[in-house]
Structure formats: C-alpha cells, structure tokens
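Taking it in order: structure first as structure tokens, then the write-up.
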Amino acid sequence: MLKLIVLIILGFWATPCLALPTPTQVTAALYQQIPDFPKGGVNQDGTQNLIRRLVTYHNFLKNRSPYSRFDWKLTVADYIGYNDPDPG
C-alpha cells in the first residue's frame with residue numbers, strides 16, 4: 001500500500017513538461033495558417049518579423065508564460081505602449 005501511495009505522489013510530481021516551440025516554429029505555423037497576416041518589417045533573410053519579435057519579447061525578455069492568455073494580453077499592451085511604455 002505504501003509503494004502505491006509513493007508511486008502516485010511521485011507520478012503526480014513527475015509530470016512531463018511541455019517543450020516551448022521556438023519563435024521560428026511559431027512564426028512558420030502562424031503565417032501558414034494566416035498567410036495575409038502582416039509581416040511587419042521582414043529583413044532580407046526573413047528572420048525578423050512582427051510575430052517572431054513578439055514571441056521573443058514575450059518568452060525571453062519578459063519571461064511570461066506562453067500558455068496564459070492574460071500574459072499575451074500584457075505583451076500586446078506593451079507593444080502598443082499602454083502597459084510598459086518602454087518595452088525592451
């Protein structure tokens with residue numbers, strides 16, 4: 001009985017983590033689903049665009065959760081200058 005309880009507790013705490021997609025993967029998936037979405041300043045090599053910059057800012061600069069809708073709303077508010085007047 002004790003082994004069962006220990007396995008249940010360890011199984012609960014040892015749940016696998018979800019891997020974060022890279023900004024490149026997110027950008028490719030979004031532009032594939034919505035091809036008319038504005039690119040917003042694409043460089044010659046196509047690496048920097050609006051979505052990639054937003055994902056990078058959201059995940060790596062502000063350390064916000066990519067799974068929280070509220071955190072994404074804060075990121076958009078930062079982008080338009082309402083929440084954080086000096087993003088970055």
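The values are calculated or read from the model by the stated rules, or taken from the named source; none is laboratory data. None of these values were measured; they are calculated from a predicted model. Cβ placement follows ideal geometry from the backbone for every residue including glycine, while neighbour counts extend to all protein chains displayed.
State whether the residues of region 9-26 include one that is at pLDDT below 60, of a type in the set (A, V, I, L, M, F, W, C), more than 27 Å from ASN83 (Cα to Cα) and surrounded by 10 or more Cβ atoms within 10 Å (Cβ to Cβ).
Scanning region 9-26, I find at least one residue that is at pLDDT below 60, of a type in the set (A, V, I, L, M, F, W, C), more than 27 Å from ASN83 (Cα to Cα) and surrounded by 10 or more Cβ atoms within 10 Å (Cβ to Cβ), so the answer is yes.
If I ask for residues that are at pLDDT 80 or above and not charged (D, E, K, R), which ones from region 27-49 would you list? Walk me through how you get there before you give the answer.
Taking region 27-49 as the starting set, the residues that turn out to be at pLDDT 80 or above are 27-36.
Passing the criteria: THR27, ALA28, ALA29, LEU30, TYR31, GLN32, GLN33, ILE34, PRO35.
Name the single residue that is modelled with the highest pLDDT among those in region 57-77 being surrounded by fewer than 17 Cβ atoms within 10 Å (Cβ to Cβ) and of a type in the set (S, T, N, Q).
Restricting to residues being surrounded by fewer than 17 Cβ atoms within 10 Å (Cβ to Cβ) and of a type in the set (S, T, N, Q), the top hit is ASN63.
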